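Notes to accompany the following structure.
Bear in mind these aren't lab numbers, they're just calculated from the coordinates by the rules spelled out. This one's a predicted model, so the numbers in the text were calculated from it and none came from an experiment. So basically every Cβ, Gly included, is an ideal-geometry build from the backbone, and we count neighbours across all protein chains shown.
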Amino acid sequence: MRPDQIWRVASRDLLSTLRDRRTLTSTILIPLLLIPLFTLGLPLLLGNFIGGQAQERQKVGVVGTLPAPLRTALTRDETAPGGSVIRAGVELVPVEDPRAAVQSGEVDAALRAPAPLPTRAGDGAGELEVYAKLGNLRAQTGAFAKVQATVEAYNRDLAVQRLGGLGLGPQTLTPVTLSPIDASPEQERRSGQLAFLIPLLMLNFILSGAMATALDATAGEKERGTLESLLVSPVRRSEVVAGKLLATTITALTTALFSVAGFLLTGVLSRTLLAGNGANAELTQAFGGQLTLTLGGGLALLGTVVSAALLISAILIALSIYARSYKEAQTYVTPLSLAIVFPAVLLQFSDFLTLGDGIYAIPLFGSMVAILDVVRGNLTAGHALSAIGANLLGALLLGLLALRSFHREEVIFRN
Amino acid sequence: MLDIQNLSKTYGRYTALRDVSLTAGEGEVFGLLGPNGAGKTTLLRILATLLQPTAGRASVAGHDVGREPEAVRRAIGVVNGGMGLPARLTGREVLRSFAGFYGMTRAQADTRVAELDAALELGRTLDTRAGEYSTGMKQKVVIARAVIHDPQVLILDEAASGLDIFARRTLLDFVAAARRPGRLTLYSTHVMSEAEEVCDRVAILHQGELVTVGAIPEILTRTGERTLERAFFALVRGMDGEATRAS
């Protein structure tokens with residue numbers, strides 16, 4: 001194969017891709033916009049929603065009467081030393097039917113004590129029914145969470161009072177205290193939900209970037225009648241396939257590069273938007289995460305992404321050369337995005353799975369696991385090489401299949 | 001320049017070309033005539049190394065199409081009616097990229113593009129994106145692309161189909177001008193008047209078989225007809241009659 005001829009074929013396809021506005025949008029603009037949106041915007045929104053619940057004063061319905069200390073505890077605001085409200089109390093309103101009041105939205109939650117509640121520990125047990133839409137995140141993190149926390153504190157206060165009368169301190173209640181210490185490496189701890197999003201987004205953007213060039217350079221060329229003119233020139237078929245593979249991989253990697261830029265942009269925005277935002281920032285961090293890469297991790301990520309781009313490009317070219325038209329090729333390759341999304345979603349459950357070394361040798365899926373490991377900071381060199389090797393082997397086999405197709409009359413003249 | 005011996009091509013049970021033999025020399029415009037489905041495109045695709053013959057052999061510019069496909073492709077330029085251009089590239093970019101495929105330098109390519117601009121009256125077409133071309137403009141650039149390397153053998157397969165009267169005239173004048181020593185033009189068409197105007201000798205194909213080969217005046221004399229179209233019908237009717245009698 002002659003590199004200059006390969007590059008000529010590739011540059012022709014790349015120039016055509018560069019001049020397509022739709023492709024430029026999907027290659028550059030979408031990763032730059034979608035990644036900050038998914039990795040920062042949504043967690044930020046969720047963090048603000050949940051954090052905002054603490055300051056909001058929810059309405060809680062009450063059937064009958066509650067002990068006065070409990071009523072006081074429920075309605076009391078928690079304030080910072082400066083006087084600002086950290087956690088607002090709830091507003092208690094009398095209701096007749098607690099279930100109906102919650103369902104109608106009149107109140108966020110409702111309380112009903114079937115029997116009078118004890119006001120002293122040891123004077124029997126009482127039951128307090130809490131009505132709330134428990135499948136609703138707003139109710140769960142708002143009124144219900146406040147009632148739950150207040151009743152737990154109320155129980156503890158009563159018990160502590162009673163123990164005090166017996167000459168015992170509050171530590172009697174907790175002879176053993178649990179101190180959880182997160183033993184995961186700092187990089188893994190900081191990665192949060194990002195760890196799962198990065199493989200999904202990166203491979204999806206590689207696919208969408210590669211798709212535009214691959215389809216245009218194969219089925220599109222057939223449809224326009226430009227492939228025949230290329231095949232009667234002195235360029236060898238192997239050079240045609242290699243050139244198209246190169247052009248497709250370059251476009252895919254450009255998209256991947258812009259998706260990395262999207263993550264960097266997320267980091268910058270995250271620092272700006274979350275600085276001094278206290279509890280909400282912590283919540284956002286919990287739903288999002290922070291990407292930290294070592295040099296080795298960065299190199300492994302680069303190798304994995306390049307090999308995955310090559311494999312995806314080879315799949316697309318091998319498939320779309322069979323199609324009579326661009327549209328037909330789209331129907332062939334659309335299921336590929338499912339082949340990426342489904343395993344990427346499965347990665348969320350990877351903590352429950354025992355992943356053997358062999359998983360890294362599965363083309364594409366091995367890359368997803370490897371990218372996840374890079375983000376969490378626990379990828380080994382052997383696993384990285386397995387994932388890269390599997391992708392390269394897959395790309396080679398599919399490249400040979402594509403070459404065979406470019407030699408077959410029934411494929412080239414199928415239109 | 002062109003030597004075809006007992007060439008056949010079958011697709012399953014369908015025979016597209018049956019035992020065709022003919023030769024053509026340099027300095028001539030050789031016509032391949034026949035209705036749609038006669039086997040003209042199959043024959044030309046074999047000569048362009050796009051299809052493999054089922055039997056027989058062919059050589060173009062001294063190179064065997066089966067054994068030396070790359071040398072054949074260096075020696076030929078191909079235009080067919082269905083050929084297109086990359087919509088987002090300009091004519092000049094297309095011509096430069098193809099000049100590169102033939103090993104021409106940028107300076108050589110630009111000189112050749114200027115020559116073709118003059119010969120085919122490309123003008124502003126050269127710097128306009130192909131997606132904006134009319135059929136005539138597109139076909140001119142397709143022809144320029146096929147001859148960018150000044151091929152020894154130019155293959156034109158239904159190259160005038162769909163062209164308006166002006167573009168068709170430019171094409172026919174270009175073909176006439178391409179008749180020169182050391183060069184052969186293969187001109188395939190189902191329009192007999194085009195062949196009469198530009199071809200020196202013609203081969204008539206019908207249902208994959210070669211009906212006759214010869215100079216146009218010779219065919220007219222042999223059939224006793226005044227036009228090539230009438231001669232074609234006389235020959236084909238004779239062939240069909242023989243086939244009916246044989247069956």
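Listing for the model above:
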| item | result |
| --- | --- |
| For region A:224-239, 3J(HN,Hα) per residue [Karplus equation, 6.51 cos²θ - 1.76 cosθ + 1.60, θ = phi - 60°, Hz, x = Gly/Pro] | 7, x, 9, 5, 4, 5, 5, 6, 9, 8, x, 6, 6, 4, 4, 6 |
| Extension reserve of the A:N48-A:V268 stretch, reckoned as 0.36 nm per residue once the Cα distance is removed | 77.3 nm |
| Fewest-first ranking of B:Y14, B:Y133, A:Y332, using other Cβ atoms within 10 Å as the exposure measure | B:Y14, A:Y332, B:Y133 |
| Most positive-pole-ward Cα, A:S233, A:G262, A:P363, against dipole of chain A from beta carbon charges | A:S233 |
| 5 angstrom amide H check on B:L51, placed H, neighbours 5+ away | B:I46 |
| At R0 = 30 Å, FRET efficiency that the Cβ-Cβ distance of B:T128 and A:Y332 yields, to 0.05 | 0.35 |
| Between region B:170-192 and region B:107-129, the Cα center-to-center distance that results, in Å | 20 |
| Span from the region B:29-49 Cα centroid across to the region A:141-190 one, whole angstrom | 90 |
| Links that overshoot a 21 Å alpha carbon limit, given the list A:K222/B:K138; A:K222/B:K9; A:K222/A:K244 | A:K222/B:K9 |
| Length-normalised contact order of region B:71-153 in % [C-alpha pairs under 8 Å, at least 6 apart] | 48 |
| Paramagnetic label zone (point 7 Å from Cα along Cα-to-C-beta, A:E129; backbone N under 13 Å) in region A:55-75 | A:62-64 |
| Prolate/oblate/rounded call for region B:76-124, Cα gyration tensor, a/c under 1.5 rounded | rounded |
| 222 nm mean residue ellipticity, helices alone, for the protein assembly as shown (DSSP H n ≥ 4; -39,500 (n - 2.57); rounded to 500) | -17000 deg cm²/dmol |
| Loop trypsin sites (Lys or Arg not before Pro), region B:15-100 (other Cβ atoms within 10 Å of the site Cβ: 11 or fewer; DSSP) | B:R67 |
| On Cα atoms only, tilt of A:3-18 relative to the major axis of chain A in degrees | 50 |
| Spin-label pair A:L15/B:N36, simplified geometry with 7 Å Cα→Cβ offset, distance in nm | 3.5 |
| Residue with peak Gaussian network fluctuation, chain A [Cα springs, cutoff 10 Å], from A:I181, A:I35, A:I317 | A:I181 |
| Net lengthening on full extension, B:S161/B:T227 (0.36 nm per residue, minus Cα-Cα) | 21.7 nm |
| All-pairs Cα distance distribution in the protein assembly as shown, expressed in whole percent, bin size 20 Å | 15, 32, 23, 15, 10, 4, 0 |
| Theoretical gain in end-to-end length, A:A121 to A:Q103 [0.36 nm per residue, Cα-Cα removed] | 3.1 nm |
| Pairwise FRET efficiency - B:Y11 versus A:E91, Cβ, R0 = 56 Å, nearest 0.05 | 0.10 |
| Neighbour-count order for B:T105, A:T255, B:T227, fewest beta carbons within 10 angstrom listed first | B:T105, B:T227, A:T255 |
| Distance (nanometres) between label positions extended 7 Å along Cα→Cβ at B:D173 and B:E121 | 0.5 |
| Estimated distance in nm for a label pair at B:S193 and A:R162, the labels positioned 7 Å out from Cα along Cα-to-Cβ | 11.3 |
